[in-house]
Ligand SMILES: Cc1cc2nc3c(=O)[nH]c(=O)nc-3n(C[C@H](O)[C@H](O)[C@H](O)COP(=O)(O)OP(=O)(O)OC[C@H]3O[C@@H](n4cnc5c(N)ncnc54)[C@H](O)[C@@H]3O)c2cc1C
C-alpha cells in the first residue's frame, strides 16, 4: 500500500526539519501525500499494520519529542494546497497556508479573515487548533469541514455560522482534515492590504518572530493572560540550555540554538510549578506534543 503512494515516503525522517521550533526526533515512516488518495493509502496501510498515525500541518504548534514518533507521520503542508473562490465563499484544501489564502482572497476583493494574518499555519492545522486572535478565530468563518475517517471514507461537518471549534466538531479519533469552506466578505483590496499591514506591524512588535518558536506555549486561563502570569513569576528570559522563555513575549519559548525537546519540557515544568505557586492557577499547554 505504501508503494501506491505517489507522493513521498521517507524512513527515519528527522522531524526537526518540519517544526518551527526546529526540534524533534525521527518519524519512523514519513509521508508527504500528493492527493487525497495518497492519504487514504497511508491510513489503510497504518490500519493494516496497526501503526499509529500522526498528522502534521506546518508544524508551527508542535513539540516533537527527542526520540521521535513511532508509526506513520502524514505531513500535509504543500499537499491539498489549492484554494478556490465562489461568490463570497472560499473552498480551501487542508495544506493551503493561511497567508496564501488571505493573499489570494484579497486579490479577489474578499476579506473578513484578516484577523488571521501572520499566523503561520496550514488550513488543517488552523482548524485543528481553531487558530486566531482576540479579533477573530478561523471557526468564525467555517461553513463546512471535510475530513477522512481512519478507514479512508469521506466525512463532512456543517456547523451553524460562527460556531465551529474543534471541540464542537468531535471528529472520530484518527481522522485527517482535508479542507473546508469559509464565508468571506466583499472588501476592496486596498482596505484589506492596509489592515494587513497594521496587523503585521503589531505582531512584529509583540512576538519574537525572528527566532524559532511554536507560538504561545500555554492557553490563557479564564480571565487571565498566561504571558502576564509567567512574567510576574519572574521567568521572562529564563533559559535552560538552548531553550529560553522569550524576553519579548513570556508565553513564547524560543530555541536559541541546540535546544532539545527535553529542554523545552523542563522549562514548561518550571513554568507550571512557578505559576501554580504564585497564583494557584494550573496552566494548560496550547502547544501539542507528539512522540517519545
Ligand atoms: C511565530 C508564531 C506565531 C504564532 N501566532 C499565533 C497566533 O497569533 N494565533 C494562533 O492561534 N496561533 C499562533 N501560532 C501557533 C500556530 O501558528 C497555530 O496553532 C497554527 O494553527 C498551527 O498550524 P500548523 O498547520 O502549523 O499545525 P501543526 O502545528 O502542524 O499541528 C497542530 C495540530 O493540528 C493537528 N493537525 C494539523 N493538520 C491537521 C489535519 N489536516 N488533520 C488533522 N489534524 C491536523 C496536528 O496533529 C496537531 O495536533 C503561532 C506560531 C508561531 C510559530
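Here is how the numbers come out for the structure above:
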| quantity | calculated |
| --- | --- |
| Among the residues listed as 214, 210, the single one being within 30 Å of residue 75 (Cβ to Cβ), in contact (Cβ under 8 Å) with a residue 60 or more places away in the chain and under 23 Å from the mean Cα position of the chain (by Cα) | 214 |
| Scan of region 82-138 for residues that are part of a loop (DSSP other than H, G, I, E, B), closer than 18 Å to residue 164 by Cβ and near the ligand (Cβ under 9 Å from one of its atoms), ordered by number | 94, 119, 121, 130, 131 |
| Wholly enclosed strands (runs of 3 or more DSSP E) of region 12-72 bearing at least 2 residues more than 11 Å from the ligand (Cβ to nearest atom), in contact (Cβ under 8 Å) with a residue 24 or more places away in the chain and within 27 Å of residue 119 (Cα to Cα) | 26-32 |
| Residue in region 160-168 that is crowded, with 17+ Cβ neighbours inside 10 Å and modelled with pLDDT of 95 or more present | no |
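The values are calculated or read from the model by the stated rules, or taken from the named source; none is laboratory data. Bear in mind that the values here come from a model prediction, so they are computed numbers and not experimental data. Glycine also receives a Cβ, built like all others from the backbone with ideal geometry; neighbour counts cover every protein chain displayed.
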